[in-house]
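**Student:** Got a structure for you, written out below as structure tokens; questions coming shortly.
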Amino acid sequence: MAENLIIEGISKEEKYQTLLPQTHALIKGETDLIAALANLASALNMTFNSLWTGFYLVKGEQLVLGPFQGPIACTRIPYGRGVCGTAWQQNQTLVVEDVDAFPGHIACSSSARSEIVVPIRDTAGKVAAVLDIDSDELGSFDQIDAAYLERIVAPLSPLLSA
Ligand code: SME
């Protein structure tokens, strides 16, 4: 299974096209949220090999670190803080081309240069988690990433609504 997720020499869009059904199958086959998020973090990391790929879960007024791949990260992010907390507050995907130009960016790693954060909603439409992907290059993410990542996380909603 893992070998199939390493896809070289094709466009980003083609990688997402291949990844999308695989991630949906991973989610469909699991009722435990943490297990599903852990495999999703792995699948995204195996495909894109980003600096950091992972999830934060809404717990009260904070985002708390969930399954991830990459270096040690901050464990708690307050509502409205950093890119993750802002995506939660604004209830929308944020594409940040240069993290140094984002007011209040939380630098968990000094190598981070660009970032995308995708809110994940429960079945009531409330943000219950975010997907955060960090890159060590400027401008790594665009609306193609936003559109596909939103589709990748959409089936998680029932698992976030327990
Ligand atoms: N960069 C994020 C913090 C989380 S880590 O980078 C893993 C932010 O500003 O929300």
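**Student:** Just to be sure I understand the rule: take each whole DSSP H helix in the chain, project its Cα atoms onto its long axis, keep it if the span is 20 Å or more and its mean Kyte-Doolittle hydropathy is at least 0.5. Which ones pass?
**Tutor:** 33-48
**Student:** Leaving out ligands and nucleic acids, note down the accessible area per residue over the range 87-162 with a 1.4 angstrom probe, in whole Å².
**Tutor:** In whole numbers, the range 87-162 has 47 Å² accessible per residue.
**Student:** Given an 8 Å cut-off on Cα distances and at least 6 residues of separation, report the relative contact order of the range 6-129 as a percent.
**Tutor:** Relative contact order here is 17 percent.
**Student:** Please give me the summed charge of the neighbours of residue 71: other residues whose Cβ is under 15 Å from its Cβ, Lys and Arg +1, Asp and Glu -1.
**Tutor:** Local net charge: -3.
**Student:** Find how many whole Å separate the alpha carbon centroid of the range 31-55 from the alpha carbon centroid of the range 100-142.
**Tutor:** Value for the Cα centre distance between the two parts: 14 Å.
**Student:** If I compute solvent accessible area with a 1.4 Å probe over the protein chains, what percent of it on the range 2-161 is carbon and sulfur?
**Tutor:** Answer for the range 2-161 is 48 percent, counting heavy atoms of protein chains only.
**Student:** Continuing with this model, one more query. Only Lys, Arg, Asp and Glu count, each charged at its Cβ (+1, +1, -1, -1), so figure out the dipole size of the chain about its Cα centre, rounded to 20 debye.
**Tutor:** The dipole magnitude comes to about 580 debye.
**Student:** While we're on this one: Please work out the FRET efficiency for the pair residue 25 and residue 98, using the Cβ-Cβ distance as r and a Förster radius of 41 Å; give the result to the nearest 0.05.
**Tutor:** 0.70
**Student:** For the chain, what is the Kirkwood hydrodynamic radius in Å, using each pair of distinct C-alpha atoms?
**Tutor:** Kirkwood hydrodynamic radius for the chain: 15.6 Å.
**Student:** Restricting to Cα pairs below 8 Å that are 6+ residues apart, what does the relative contact order work out to for the range 37-96? Please round to a whole percent.
**Tutor:** Averaging sequence separation for qualifying contacts and normalising by length gives 23 percent for the range 37-96.
The values are calculated or read from the model by the stated rules, or taken from the named source; none is laboratory data. Everything numeric here is computed off the predicted structure, so don't read it as measured data. Because the Cβ atoms are built from the backbone with ideal geometry, glycine has one as well, and the counts that use them run over all protein chains shown. Each accessible area value is taken on the protein alone, full model and side chains, heavy atoms only, with ligands, DNA and RNA left out. Shrake-Rupley method; radii C 1.70, N 1.55, O 1.52, S 1.80 Å.
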